[in-house]
Each structure stands twice: as structure tokens, then as C-alpha cells.
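Colleague: Following this message is one structure expressed as C-alpha cells.
The values are calculated or read from the model by the stated rules, or taken from the named source; none is laboratory data. Everything numeric here is computed off the predicted structure, so don't read it as measured data. When we count neighbours, we look across all protein chains shown, and the Cβ atoms used for this are built from the backbone with ideal geometry, even at glycine.
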Amino acid sequence: MKKNNKIFLFLIFLFPSILFFDLKTFAIENTFFLSLKNDEVNLRIGPAFEYPIKLIYKKKYLPVIILDKSETWRKIKDFENNSGWVHISQLSKKKSAINIKNNSILFKKPTIYSKPLARLESGRLLLINKCNLKWCKITSGNFNGWIDKKYLWGNIK
């Protein structure tokens, strides 16, 4: 009987800790990025066309993080911490990122020992081709190359 009580107590303490870690992992996995689908996208104060426009984005493929959803609307936040509601039809799964370090270097290969191709200013929009553990292969303007992930804000998974 005492052995069953110990197992029961063990399970009582184990279950909440498993639940806590699973919810935390689920929350991290649920955080995801999308990008803007068009050259002009309205950011609204609320999740309907009747709400006033807060600002107008004028950059296609700008990465945004999804914070919440309400039917066909998504609450987003950009890299400058502007937040509001956008209709789902204005969002794309195209992978993109923003360079967050001024004068970060674009390399020919995913190593700092390869040929540097360009210096990128902070705030530059980059289209992601693929990423590995530490580097992302990007396209921006006429440049194609590799950049360290730690200098990017956006969809770099």
C-alpha cells in the first residue's frame, strides 16, 4: 500500500511540471512570422474594416509577427513595435527578415572567412532563401549571399 502511495504522490507532482513545460514549449512554437503580401497594406486599430487605419505599410514582404487572431484578421507587430490588425488576405508566407545591425557584412559563403560581398545598413529588407544553424542565405536588391542570423529580425527558421 505504501508503494502505491509513493507512486501516486510522484505522479501528482510530475503531471503539473510536464504540463507547465509542454505549455511553455507550445507557446514558443506558436510564435511565428508572416510577411506583407502587397506594396500597400493598411494596419487598423481593430479587427474589422470599420476600424480606422492606424498606418499604411508601403513595403512588400515586410516581416511581421502574429500576436493574435480574430476570424479573418490577425494582430501583428513589426520590427519597430508598431502593432494593429491586418486582414489575412494581406499576409504571405514568404520568408523575409530585417537587418538590425548597421554595417553587417554579407558573405559569399556561410563563414566569416569567405569573401565579403556588401555591407548592409540597419533596417534593410532581406528575402530569405534558406537558413542553417547560424547563417541565412538572403537576397536583397542585386545582392545574394550569407548573413549571420543574429543580425536578423524575422522568419529565420
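Colleague: Give me the residue from the range 129-157 that is aliphatic (A, V, I, L, M) and closer than 20 Å to residue 102 by Cβ and, out of that set, modelled with the lowest pLDDT.
Modeller: 156
Colleague: Residues of the range 77-127 being of a type in the set (Val, Ile, Thr), exposed (fewer than 14 other Cβ atoms within 10 Å of the Cβ) and assigned to a loop (DSSP other than H, G, I, E, B), which ones?
Modeller: The answer is 111, 112.
Colleague: Please go through the range 128-157 and pick out each residue that is among the hydrophobic types (A, V, I, L, M, F, W, C), over 13 Å from the mean Cα position of the chain (by Cα) and part of a strand (DSSP E or B).
Modeller: 131, 135, 136, 138, 143, 146, 147
Colleague: Right, here's the next one. Answer yes if at least one residue in the range 93-116 is in contact (Cβ under 8 Å) with a residue 24 or more places away in the chain, aliphatic (A, V, I, L, M), in contact with a Leu (Cβ under 8 Å, 6 or more places away or on another chain) and within 25 Å of residue 45 (Cα to Cα), and no otherwise.
Modeller: yes
Colleague: Hey, among the residues in the range 128-155 that are in contact (Cβ under 8 Å) with a residue 60 or more places away in the chain and within 14 Å of residue 94 (Cβ to Cβ), which one's surrounded by the most Cβ atoms within 10 Å (Cβ to Cβ)?
Modeller: Among them, the one singled out is 154.
Colleague: Would you check which residues across the range 43-61 are under 22 Å from residue 155 (Cα atoms) and of a type in the set (Lys, Arg) and list them?
Modeller: Within the range 43-61, 58, 59, 60 meet the criteria.
Colleague: Given the conditions (1) within 30 Å of residue 146 (Cα to Cα); (2) among the hydrophobic types (A, V, I, L, M, F, W, C); (3) without any contact (Cβ under 8 Å) to a residue 60 or more places away in the chain, and given that residue 79 satisfies all but one, which numbered condition is not satisfied?
Modeller: With respect to (1) within 30 Å of residue 146 (Cα to Cα); (2) among the hydrophobic types (A, V, I, L, M, F, W, C); (3) without any contact (Cβ under 8 Å) to a residue 60 or more places away in the chain, residue 79 is out only on (3).
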